[in-house]
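Colleague: Before I ask anything, here is the structure I am working with.
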Amino acid sequence: MQKLLIAISLFLLTLQSSFAEESDYTPTALIVGSDREVGFEFTRTYANRGWNVIATGVAPEQNTDLMDLASANTRVTIETFNANDFDAVDALAKKYRGTPVDLLLYATRLNVAEPPSNMEIQKFGQFDYDIFYLSLTTNAVAAIKVAEAFNDNVITSQHKKVVQLSSMNGSIGKPKIRCQRCGNFFTESSFAAANALMRRLFKLHRSRETGVVVGMIAPGPVSIKDIAPLVADNFPADSLVSVEDSVAGMVKIIDGLNEENSGSFYNYNGQELPW
């Protein structure tokens, strides 16, 4: 009986220690594109949750809200970083080697008519192929490069999530939407490629049984400053969504990602999209 009581006591101590370690764990989000409006709102949201946030951006010093947030919150670390520079991707991954990344969020995008990807150079017969390649790199190739570079960081975390902000224009079987000039060669092909790469990443992790879940999310017709005139010109006013509402919807989807719905493509409002 005494041996049994000792065994039970040791088990309870182990269990208590395990719970303590779990409660002491602080998740980490690495967000690519924190210096932009949507990326910043993700950064603010996860920082307010008490997460550690590695906030990356091409020019973070130009976003005063981001700089103020980092100054006020020691859990937010800013890294100047261009995902299209693959040497920089490798260097950042080396710097954070051994750091678990619970959420790897690729939130930077080159969208329709967004500088320098304006509509005129996307018309058939007058393509600017340098910008075409830039769109493909920014929206697809760089995203999978980042996922590859930080693969071990994600696998060793507790939440194990990789999420890319895509676009409904990348859905080959996309549902009908009220939009006058949605999509073009550059945007549709680059986001279709991004979706295909993320879908393949999902299959890789499932086959290796890593526990990593992968999601693609379209933020919707967000009225952000860079492309506000385009969005207002193309979408009815009642369909526009604020940055705050879009991110709130996407965070809810990220919270619900698991191994059963891994590899799915969602609109910010929870609607599953054909990828």
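The values are calculated or read from the model by the stated rules, or taken from the named source; none is laboratory data. Computed from a predicted structure; not experimentally measured. Neighbour counts run over all protein chains shown; Cβ positions are idealised from the backbone, glycine included.
Colleague: Tell me which residues, restricted to segment 134-158, are buried (at least 20 other Cβ atoms within 10 Å of the Cβ) and in a loop (DSSP other than H, G, I, E, B).
Modeller: F150, S157
Colleague: Okay, moving on. Looking for whichever is more than 21 Å from V251 (Cα to Cα) and at pLDDT 95 or above here; the options are D152, D130. Which one fits?
Modeller: Unique residue meeting the criteria: D152.
Colleague: Moving to a separate point now. Got a number for residues in segment 195-239 being modelled with pLDDT under 95, in a loop (DSSP other than H, G, I, E, B) and among the hydrophobic types (A, V, I, L, M, F, W, C)?
Modeller: Counting residues in segment 195-239 that are modelled with pLDDT under 95, in a loop (DSSP other than H, G, I, E, B) and among the hydrophobic types (A, V, I, L, M, F, W, C) gives 2.
Colleague: Can you tell me which of (1) farther than 14 Å from A218 by Cα; (2) among the aliphatic types (A, V, I, L, M); (3) surrounded by 17 or more Cβ atoms within 10 Å (Cβ to Cβ); (4) at pLDDT 95 or above is the one V163 doesn't meet?
Modeller: Condition not satisfied by V163: (1).
Colleague: Having 1 or more residues that are at pLDDT below 95 and within 26 Å of K252 (Cα to Cα) is the bar; report the helices (runs of 4 or more DSSP H) wholly within segment 1-107 that clear it. Before you say what the answer is, go through the steps one by one.
Modeller: On the way: elements: 2-24, 37-48, 64-72, 86-95.
Ranges flagged: 2-24, 37-48.
Colleague: What pairs can you find where one residue is in segment 244-273 and within 17 Å of N169 (Cβ to Cβ), the other is part of a strand (DSSP E or B) and of a type in the set (D, E), and their Cβ atoms are less than 9 Å apart, with a gap of 6+ or different chains?
Modeller: Pairs found: F265/E272; Y266/E272.
Colleague: Separate question: If G170 meets every condition in (1) modelled with pLDDT of 95 or more; (2) within 17 Å of the chain's Cα centre (by Cα) apart from one, which number is that one?
Modeller: Exception for G170: condition (1).
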